[in-house]
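Read through the structure below, which is laid out as structure tokens, and then see the notes.
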Amino acid sequence: MTPATRQEVLGLYRKVLRIARTWQSASGQAEETMREKEYIRNEARTLFRKNRNVTDPKLIKQCIEECEARIEIGLHYNIPYPRPIHLPPMGLAHKQGRTLRHQEKLRKISKPIYLKSHDEVS
């Protein structure tokens, strides 16, 4: 990891922790605000520690983009949790074969960038 990339990653981590410190829930209830602040801190800690040993520049760039997307979406919608997506069910594909592989590939491609790591951690 280059020093510039390292500084960018550490800056994002600090930004997330600052957001967690000043976070206010949409409902304004103190207990919900505390729960959301704790979720933001735990999610950041978990994901940054999980990706600590990543050395591939493309993968590092993808993780940075995902972090920035989650920050922007969280601040815009005032929801710290990843927004759900609705993909069509895979009930029409055969249990094996090209159709199933093709549908799995399409589902993987159509997943938004801000949800790439969410399923791995949750």
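Taken together, the values in this text are just the output of simple stated rules run on the coordinates, not laboratory data. Quick caveat, the model's predicted, so the values are computed rather than measured. Virtual Cβ from ideal backbone geometry, glycine too; neighbours counted across all protein chains shown.
Overview of values
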item	result
Cα-based equivalent ellipsoid of segment 3-84: semi-axis lengths in Å, sorted from largest, via gyration tensor	25, 12, 11
Length-normalised contact order for segment 3-84 - Cα pairs under 8 Å, 6+ apart - percent	32 percent
Potential extension, I79-H102 segment - 0.36 nm per residue separation minus Cα distance	5.0 nm
Extension gain from T5 to T33, taking 0.36 nm per residue of separation minus the Cα-Cα distance	6.9 nm
Formal net charge of residues neighbouring Y39 (Cβ-Cβ distance under 14 Å; K, R +1; D, E -1)	+1
